[in-house]
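Okay, structure first, notes after.
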Amino acid sequence: MVSSARARTAGAACQGRPGLPGLIRSCRGIVRLENIVDILRIVGLVLGFYYVLLLFAAAVWTYRDIRSRTQDIMAQVLSIALVLVLQLPGLILYLLMRPKQTLAEKYERALEEEYLRRDIEDDHVCPSCQRGVEDEFIICPYCMTELRRRCPNCERTVDLTWALCPYCGSSAGAPSQAVVPATDRTRQTVYS
C-alpha cells in the first residue's frame, strides 16, 4: 500500500495538475514557461547591451584611429558614420579604406627624406651639428668643431683624414721645415 501511494504521488508529479495553464510537465519537477521566457528575455537584454557596447567601442576606436591618420574633419566624420551606420561591415570597410600611415609616421618619413636630401645635396656639413658650412671653413662657426687644418708648409686647407697635403706633398701632420706662423711671416715680408 505504501508503495502504491508513492507511485501515485510520483505519477501525479510527473503528470502535473490538470487545469493549470503555463506549466511544462516533467518527471523531475514543474517548470513554468514564464520563467523560461524571463530567462530568454534577460539573456537577450545582456546580448543586446553587449552588442551596443561593442558598437560604441568600435566607434571610439575608429575616432581615435582616424584622428591619428588624418586632419581632414570630413574624413573623420564619414569614417565614424560608416562604422555607426553599417556597424561590423562598416568597420571592415573602414579598415580597408583608411590611410596606411599615421600622421606621426608621415612626419618621421618627411624628416628622414629631408635629412637624406640634405646629405645628398650638401657635401659640406659639420659632422657634429649637421649644419651646412663652407668648403673652406676650418672650424664650424656653430659648434666650434675642427673641420680641417692648414698645411704647415703651403698654408692651404687639408682634410683631417689626409696624411699628406695634396698641394705640396708634405706630411700634413708634421712640417718639413720650421714653421713660422702666418702672422709672423706676413710681418717679415711687409717689413723686409
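Other residues lying with their Cβ under 15 Å from the Cβ of Arg98 contribute a combined charge of +2, Lys and Arg counting +1, Asp and Glu -1. Sequence-ordered 3J(HN,Hα) estimates for region 33-48 from the Karplus curve with 6.51, -1.76 and 1.60 and θ = phi - 60° stand at 5, 5, 5, 5, 5, 5, 5, 5, 5, 5, 4, x, 5, 5, 5, x Hz, glycine and proline given as x. Taking all Cα-Cα distances within region 47-171, those exceeding 20 Å account for 65%.
Once both labels are positioned 7 Å from their Cα atoms along Cα-to-Cβ, the gap between Asp159 and Ala104 label points is 4.0 nm. Amide H to amide H distances under 5 Å link Val158 with Arg149, Arg150, Cys151, where only residues 5 or more positions off or on other chains count and H is placed in the peptide plane.
Each value in this text was obtained by applying a stated rule to the coordinates, not by laboratory testing. Note that the structure is a prediction, hence the values are computed from the model and not measured. Using ideal geometry, Cβ is built from the backbone for each residue, glycine included, and neighbour counts are taken over all protein chains shown.
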